[in-house]
Ligand SMILES: Nc1nc2c(ncn2[C@@H]2O[C@H](COP(=O)(O)OP(=O)(O)O)[C@@H](O)[C@H]2O)c(=O)[nH]1
Ligand SMILES: [Mg+2]
């Protein structure tokens, strides 16, 4: 079917005020040939999910530094379920302790890339999991 | 439920998916438009264009909020360039309108130019139709107004707002001819900064009022402070009224539709010719002869049309 670029929404929820990590991620995805919708700082989970729906993205990439990952990430996943969005890949990145990862995955986050992980690994993962883009 | 039903039930997910299909030129979306075409044409389509960083997204956000206060529903299409090197893009206009994301009366979509010139124009046109079927009252299309494809897009809107800022006068002088002509309304945004009045005068001098019956107004705005936004909105509505009263709207739309149908016919004819690999092989053989100078391109074309038994199509054009 129709080949098209992978679409990713990069969001940075939470109240802490810098988005360098999210911007690095956004540029790396663009350089890998993806279309990146960048929504900037301090997004609520509701805003993120509504934007992701309207943009019909394949991937929702959430960057978190504030330590609120255990509430914010599951909330995003829950809102997506309520909207019956099932084919969207949700990945998290940033400062997330290893011991929290299994529980986040259980709750429906596809993968977590802790800070320091090279962006190429996230890109590989996205490409591997977005073959349905040829839908 | 299929996409048509979901679109008619005002399901944003269906709108989003149909625009994705429009962007990748999926023929299935054409079938949807065919069935629901009668519902299109009622929205006021507004192009917001101008050089990078002049405040187009900020201004759009404020205009949309003013319309929401009147209870109007709005669709927004935000176009940003695709990187010619990687095929990727960063689409960052939503940053200026994040709190509209959760407004049920607003639908916002970012689109990348994706290289191919005519492709974007077509995809945007289809997206506008989908939003009209979704029954929004206003549609905003933000483009960075420098390239040909951006100019092509605003040709298809009802009202074009050219957004400039203090100091833009020099940029405009450097821009290609044709950029000034597309503006129905000029905004000098960031009028909180020095030089707004001078830029306003420069722009007014550049505008050729010669034979125009709509004199493009030049408005000073401070978008971040919501200053003069209501006034601008009034002018935007006045422009639509002007178009309707002078029947220019119908003329413009008729002309655009004619171009569209002609383009579609052209595309169909070309496609039907090269549908068969037989015809393509024939053409390639002729091209080889042109390469070796055994034939000239003109005779090759005539022979091709004869051999392909398409003389009729060729002559009719
Ligand atoms: N001083 C001033 N800055 C503004 C105004 N409107 C927008 N900006 C700023 O100009 C920058 C670019 O705005 P944006 O809306 O993204 O511009 P666009 O690239 O034309 O869409 C942002 O930092 C805005 O906050 C204004 O009225 N005054
Ligand atoms: Mg913008």
Could you say whether any residue in region B:29-40 is within 13 Å of chain A (Cβ to nearest Cβ), buried (at least 18 other Cβ atoms within 10 Å of the Cβ) and within 14 Å of ligand 1 (Cβ to nearest atom)? no
If residue B:90 passes every condition in (1) more than 16 Å from ligand 1 (Cβ to nearest atom); (2) within 9 Å of chain A (Cβ to nearest Cβ) but one, which one does it miss? (1)
Conditions (1) under 19 Å from the mean Cα position of the chain (by Cα); (2) within 15 Å of ligand 1 (Cβ to nearest atom); (3) away from chain A (no Cβ under 14 Å); number of the one not met by residue B:44: (2)
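So that you can scan it fast, the table gives a plain yes or no per residue for (1) within 16 Å of ligand 2 (Cβ to nearest atom); (2) in a helix (DSSP H, G or I); (3) within 18 Å of the chain's Cα centre (by Cα); (4) within 23 Å of residue B:152 (Cα to Cα):
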residue	(1), (2), (3), (4)
B:230	no, yes, no, no
B:237	no, yes, no, yes
B:240	no, yes, yes, yes
B:244	no, yes, no, yes
B:258	no, yes, yes, yes
In region B:260-306, which residues are outside any helix (DSSP H, G or I) and either in contact with a strand residue (DSSP E or B) (Cβ under 9 Å, 6 or more places away or on another chain) or surrounded by 12 or more Cβ atoms within 10 Å (Cβ to Cβ) (or both)? B:295
When you scan region B:10-41, how many residues do you find that are within 20 Å of the chain's Cα centre (by Cα) and not in a helix (DSSP H, G or I)? 5
Consider residue A:60 carefully, then state whether it is away from chain B (no Cβ under 11 Å) and in a helix (DSSP H, G or I). no
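Residue by residue, here is whether (1) closer than 12 Å to residue B:103 by Cβ; (2) within 11 Å of another protein chain (Cβ to nearest Cβ); (3) assigned to a helix (DSSP H, G or I) holds:
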{"residue": "B:48", "(1), (2), (3)": "no, no, no"}
{"residue": "B:53", "(1), (2), (3)": "no, no, no"}
{"residue": "B:60", "(1), (2), (3)": "no, no, yes"}
{"residue": "B:63", "(1), (2), (3)": "no, no, yes"}
{"residue": "B:66", "(1), (2), (3)": "no, no, yes"}
{"residue": "B:72", "(1), (2), (3)": "yes, no, no"}
{"residue": "B:76", "(1), (2), (3)": "yes, yes, no"}
{"residue": "B:82", "(1), (2), (3)": "no, yes, no"}
{"residue": "B:85", "(1), (2), (3)": "no, yes, no"}
For residue A:45, all conditions in the list (1) more than 8 Å from chain B (Cβ to nearest Cβ); (2) at pLDDT 90 or above; (3) surrounded by fewer than 21 Cβ atoms within 10 Å (Cβ to Cβ); (4) within 18 Å of residue B:89 (Cα to Cα) hold save one; what is the number of the exception? (4)
For region A:17-45, pairs from a residue that is on the phi > 0 side of the Ramachandran plot to a residue that is surrounded by fewer than 20 Cβ atoms within 10 Å (Cβ to Cβ) and outside any strand (DSSP E or B), with Cβ under 9 Å and 6 or more apart or across chains, are A:33/B:83; A:33/B:86; A:33/B:87; A:40/B:92; A:40/B:95; A:42/A:15; A:42/A:16; A:42/A:17
Could you list, in sequence order, the residues of region B:48-65 that are more than 9 Å from ligand 2 (Cβ to nearest atom) and at pLDDT below 95? B:49, B:50, B:51
Looking at B:56, B:62, B:72, B:10, which one is on the phi < 0 side of the Ramachandran plot and away from ligand 1 (no atom under 13 Å from the Cβ)? B:72
Given (1) in a strand (DSSP E or B); (2) away from every other protein chain (no Cβ under 14 Å), index of the condition residue A:38 fails: (2)
Result of the Cβ filter at 7 Å on region B:81-106, keeping first residues that are within 20 Å of residue A:29 (Cβ to Cβ) and without any contact (Cβ under 8 Å) to a residue 12 or more places away in the chain and partners that are assigned to a helix (DSSP H, G or I) and within 16 Å of ligand 1 (Cβ to nearest atom), at least 6 apart or interchain, is B:90/A:26
So for region B:88-110 (the condition being within 16 Å of ligand 2 (Cβ to nearest atom) and within 14 Å of the chain's Cα centre (by Cα)), does at least one residue qualify? yes
In region B:66-82, which residues are modelled with pLDDT of 95 or more and within 28 Å of residue B:51 (Cβ to Cβ)? B:66, B:67, B:68, B:74, B:75, B:76, B:77, B:78
Within region A:1-35, tally of residues that are in a helix (DSSP H, G or I) and within 13 Å of the chain's Cα centre (by Cα): 6
Considering each of A:79, A:73 in turn, give the residue that is over 20 Å from residue A:18 (Cα atoms) and part of a helix (DSSP H, G or I). A:79
Can you name the condition, by its number, that residue B:50 falls short on among (1) within 30 Å of residue B:180 (Cβ to Cβ); (2) surrounded by fewer than 22 Cβ atoms within 10 Å (Cβ to Cβ)? (2)
Kindly indicate whether any position in region B:192-213 is more than 16 Å from ligand 2 (Cβ to nearest atom), within 13 Å of residue B:161 (Cα to Cα) and touching a residue at least 12 places away in the same chain (Cβ under 8 Å). no
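The values are calculated or read from the model by the stated rules, or taken from the named source; none is laboratory data. Here the structure is a predicted model, which is why all the values come from computation and not from measurement. Ideal geometry is used to build each Cβ from the backbone, glycine not excepted, and the neighbour counts take in all protein chains shown.
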